[in-house]
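The block underneath contains the structure these notes are about, expressed in structure tokens.
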Amino acid sequence: MMNARAEKLGCKNTHFVNANGLHDPEHYTTARDLANIAREAFKNETFRKIIGTEYYIEPKTNITDEERWLNNHHKMLVSGDMHYDGCLGGKTGYTDASGNTLVTYCKRGNMTLVAVILNSTSAANAYSDTASLFNYGFENFEKSGYESFHESSPI
């Protein structure tokens with residue numbers, strides 16, 4: 001089902017073997033295809049809320065007598081030296097085979113961009129490369145009147 005959906009989104013070089021993204025020799029994708037998938041995912045309001053939340057405190061329950069803190073690990077979203085103004089969140093990833101991966105959304109004015117970094121040698125490089133891509137995009141492009149996807153889409 002994931003492969004059929006990816007194809008429907010226009011992905012040309014993606015093949016999923018599992019739903020968790022962990023390494024499999026037959027599991028592959030490209031930055032372009034991930035950007036297409038990310039653009040579609042961002043249309044979902046619940047997804048946007050989850051990826052844009054810095055932390056969530058899970059309250060005590062009848063089973064657990066302690067609160068649990070769930071922290072967002074996307075360093076461009078949270079406070080700190082890698083924070084990037086306008087970052088809306090994204091998805092971090094790492095496996096030995098693929099290195100550090102990072103998909104990030106950022107909005108400035110009326111323009112929202114998606115950056116995809118694959119196979120970075122370090123998380124710090126993935127974040128700095130993403131910032132460079134956003135800087136270039138926001139400094140050199142502007143949103144046109146043409147929409148390549150649904151008008152109701154926030155991106």
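The values are calculated or read from the model by the stated rules, or taken from the named source; none is laboratory data. These numbers were taken from a predicted model, which means no experiment stands behind them. Backbone-built Cβ (ideal geometry, glycine too); neighbour counts: all protein chains shown. Heads up: the accessible areas ignore ligands, DNA and RNA and are worked out on the full protein's heavy atoms, side chains in. Shrake-Rupley method; radii C 1.70, N 1.55, O 1.52, S 1.80 Å.
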Additional length obtainable on full extension of the chain from Asn13 to Asn125, 0.36 nm per residue less Cα span: 37.9 nm
Kirkwood-based Rg to Rh ratio, the range 1-41, C-alpha trace: 0.92
Sequence of Met82, Met2, Met76, Met111 when ordered by accessible area, the most exposed leading, probe 1.4 angstrom: Met2, Met82, Met111, Met76
Reach of Lys75 by Cα under 21 Å, taken over lysines that are not fewer than 8 positions away in the same chain: Lys49, Lys91, Lys107
Most to least accessible of Ser122, Ser128 (protein chains only, probe 1.4 Å): Ser128, Ser122
Spin-label model distance (nm) - Phe47 vs Asp96, 7 Å beyond Cα toward Cβ: 3.1 nm
Relative contact order (%) - the chain, alpha-carbon pairs under 8 angstrom, separation at least six: 16 percent
Angstrom value of the Kirkwood radius, inverse mean 1/r, which spans all Cα pairs in the chain: 17.0 Å
In Å², nearest 10: area of Thr46 left accessible to a 1.4 Å probe: 90 Å²
Most to least accessible of Ile117, Ile37, Ile50 (protein chains only, probe 1.4 Å): Ile50, Ile37, Ile117
